[in-house]
Amino acid sequence: MALTVPRPEMTLAEKAYIPEIVKGLKVTMGHLLKGLARPETLPVLNYPEIQPEVPRNYRAKHRLMKRPDGEPRCVACFMCSTACPANCIHIEATESKDGRIEKKPASFEIDLLVCVFCGLCAEACPVDAIRMDTRKVALAADSREKFKVGISDLLDWNPKDYPESDEQSQKAPGGTLNALARKEWGLE
Amino acid sequence: MNQLDLPFLIQCAKFLLVFVPLALIPVNIFLERKGASLIQDRIGPNRANIPFLGGMRLFGMVQNLPDGIKLFSKESFIPKGAHRTWYFLAPMIPMAIALLTPAVIPWFAPLLVDGARGAVAVSGQILDADSGILVLFALSGLSVYGVVLGSWASNSKYALLGGMRASAQMISYEVSMGLSAAGIFLLAGSFSLTDIVEWQGANPFHWGLVLQPVGFFLFLTALFAETGRAPFDMAEGESEIVAGYFVEYSAIRFALYYMGEYAHIAIASALVSSLFLGGYQVPFLSTEGLRSNLGLAAAGILAFLGLACAAIAFAVRRWQRIYETRGASDVAVRRREHAILFGAFSTLAVVLWGAAAASAVLVHPAQVGGAWPLAIQLGAAAVQLGALVGKILFVCWIFVWVRWTLPRFRYDQVMHLGWKILLNVALANLLVTALVARLAKG
């Protein structure tokens, strides 16, 4: 059954249109005069010099998480590349040297120009190896090839840029929990 | 002196006034950009600068330069299947019309110049024809050809749709435009714009705006539609027809359309000023009064300009804050630029105030043998030209202001408003004006 929503009746002044135009003109002029008189209150950033504050949970450029020894956590299970709706993740697997783990990626390539930044790869990963919390949103390069980021690029991050509460990041080399994690992992 | 007839020389010199709307194009673009950004709580163009002049940005006005260079040097692409002749010619039409129409705008009061054949009246119009305003209406009606031809020649469905819309809209609003101005012609009893401005006189309470308020609003609305500006920018529409009639145009041909639009705005503003805002008349100072008090009048205007410069210098001080508080990487450069600008504008203000004082003290116009000396007449003409340009800039600003305030109409709403409302109100306005004018004259 169709539901009819009654439209509010307009007053005569609103129907005449001109008084409403004058109201609108007043609003815009108010904004203009405020901007002219107090430019420091304008809600804008001095952009290239000042970068915007990007939230942690914003889906930005990917990174690969690291084990305590710096190896990628990725076990080359292809879950992410299967989940990827844009088919932008290309993995080649190889045998892992660590006896406890079967496989590791020989190459892990993401084409950022094809990526739709949906976050399904991070959702799909069973071992928390891929994340999109780098807060790198302004990606720029001068050729298409440079947007195909490989394993070294994805592993290039510093635990100091991530909060103390992010344990997985702090277990990587250079992180605050690294020494403990190395012991647990059986490296010492 | 006989070889060079003075009235003839002045007639020739008047042709320079054709460049007034052309000079107003960059001013209009600057007004539009800065006005739009401030209305939307943004800062607007402020990156382009002249490196040789200490990174001078001039409030973003420098942005016009790289834009012009870009548009001149880009590839001028011709789409496949385009009709080459019309594709080349079409963008020139709006621009050519924008350069023709200043001919019928009265820029100053008629001068009385001594020539080889005695005293000759030199009109403030380049073309002082009795048909005056009809020429202007006819020419601005022609500008729709540029739109239609351009859209047809570029062999694109979207362009054609935009062109069709624009032409339908322009033709519809031309009717109400002529009718809403008819009240003024009726009262003034002339089609000549000089006569209309002279009839309005120097008293602002006798201007067209006061005598024909309904006609003024109708005319302004019709002009918005005529120039294809928001809220009537039917010819453009990103969500519907990509960009409108110029979608296939690039580089300098696109710029011709673009500049034609802004020149058209300047001309439309000149028309509104002449018909409804007293044209070249300085408020409360008739041409005669202006000539006999030229020193004081010029002093007033110079003092006002000085005040404007002082205001700009003050604004420069305030705008320095955005760079101080927002962590710009080049604060030192910005500080230097603002110091230069502040110095320049405050010096200019002082110089203008000095000139104002000098003109008030030194200029004492006197009639020679029952006529004003030419220098006094020319000085008064310059003041009147300044007054008209001031009014034009004000109306241009209204164009920008309205564009960034009102949401655009849907196409059927535009047609509804044009044919069913504006036309009827314009006819009623004309009828009432005629009746009142007849009764008042007895």
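Overview of values
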item: In the range A:31-70, residue surrounded by the fewest Cβ atoms within 10 Å (Cβ to Cβ) [restricted to those that are at the interface with chain B (Cβ under 10 Å from one of its Cβ atoms) and of a type in the set (K, R)]; result: A:R38
item: Residues being surrounded by 14 or more Cβ atoms within 10 Å (Cβ to Cβ) and either free of Cβ contacts under 8 Å to residues at least 24 places away in the same chain or in contact with a Gly (Cβ under 6 Å, 6 or more places away or on another chain) (or both) - total across the range B:359-372; result: 3
item: Subset of the range A:9-30 (residues that are loosely packed, with under 13 Cβ neighbours inside 10 Å and either touching a Cys at 6+ places or on another chain (Cβ under 6 Å) or of a type in the set (G, A, S) (or both)); result: A:A13, A:A16, A:G30
item: Residue check for B:F8: over 28 Å from B:W397 (Cβ atoms) and of a type outside the set (V, I, T); result: yes
item: Filter result for the condition that a residue is away from chain A (no Cβ under 14 Å) and surrounded by 15 or more Cβ atoms within 10 Å (Cβ to Cβ), over B:I39, B:I10, B:I43; result: B:I10
item: Matching entry among A:S81, A:S107 (being assigned to a helix (DSSP H, G or I), more than 14 Å from chain B (Cβ to nearest Cβ), of a type in the set (S, T, Y) and within 23 Å of A:S152 (Cα to Cα)); result: A:S81
item: Contacts under 6 angstrom Cβ, first residue in the range A:101-121 being touching a residue at least 12 places away in the same chain (Cβ under 8 Å), partner among the charged types (D, E, K, R) and surrounded by 13 or more Cβ atoms within 10 Å (Cβ to Cβ), 6 or more apart; result: A:E109/A:K148; A:D111/A:K148; A:F117/A:R59; A:G119/A:R59
item: The range A:122-166: number of residues that are hydrophobic (A, V, I, L, M, F, W, C) and without any contact (Cβ under 8 Å) to a residue 12 or more places away in the chain; result: 2
item: Residue in the range A:52-75 that is at pLDDT 90 or above and assigned to a helix (DSSP H, G or I) present; result: no
item: From B:L71, B:L100, B:L89, residue being under 30 Å from B:I376 (Cα atoms) and aliphatic (A, V, I, L, M); result: B:L100
item: Checklist (1) surrounded by 14 or more Cβ atoms within 10 Å (Cβ to Cβ); (2) under 25 Å from B:S274 (Cβ atoms); (3) more than 17 Å from the chain's Cα centre (by Cα) applied to B:L388, failing item; result: (3)
item: Single condition B:M415 does not satisfy, out of (1) under 21 Å from B:L179 (Cβ atoms); (2) modelled with pLDDT under 85; (3) not charged (D, E, K, R); result: (2)
item: Hey, B:R318 within 14 Å of chain A (Cβ to nearest Cβ), part of a helix (DSSP H, G or I) and on the phi < 0 side of the Ramachandran plot or not; result: yes
item: Residue under evaluation B:L187, criteria (1) farther than 25 Å from B:A387 by Cα; (2) among the hydrophobic types (A, V, I, L, M, F, W, C); (3) crowded, with 20+ Cβ neighbours inside 10 Å, criterion not met; result: (1)
item: Residue that is over 27 Å from A:R135 (Cβ atoms), part of a helix (DSSP H, G or I) and in contact with a Ser or Thr (Cβ under 7 Å, 6 or more places away or on another chain), where the choices are A:G24, A:G35; result: A:G24
item: Residue that is farthest from the other protein chains (Cβ to nearest Cβ), among those in the range A:1-21 that are part of a loop (DSSP other than H, G, I, E, B) and aliphatic (A, V, I, L, M); result: A:M1
item: Helices (runs of 4 or more DSSP H) contained in the range B:373-442 and holding at least 3 residues in contact (Cβ under 8 Å) with a residue 60 or more places away in the chain and farther than 20 Å from B:E261 by Cβ; result: B:374-403, B:423-441
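The values are calculated or read from the model by the stated rules, or taken from the named source; none is laboratory data. Everything numeric here is computed off the predicted structure, so don't read it as measured data. Note that we place each Cβ from the backbone using ideal geometry, even for glycine, and neighbour counts take in every protein chain shown.
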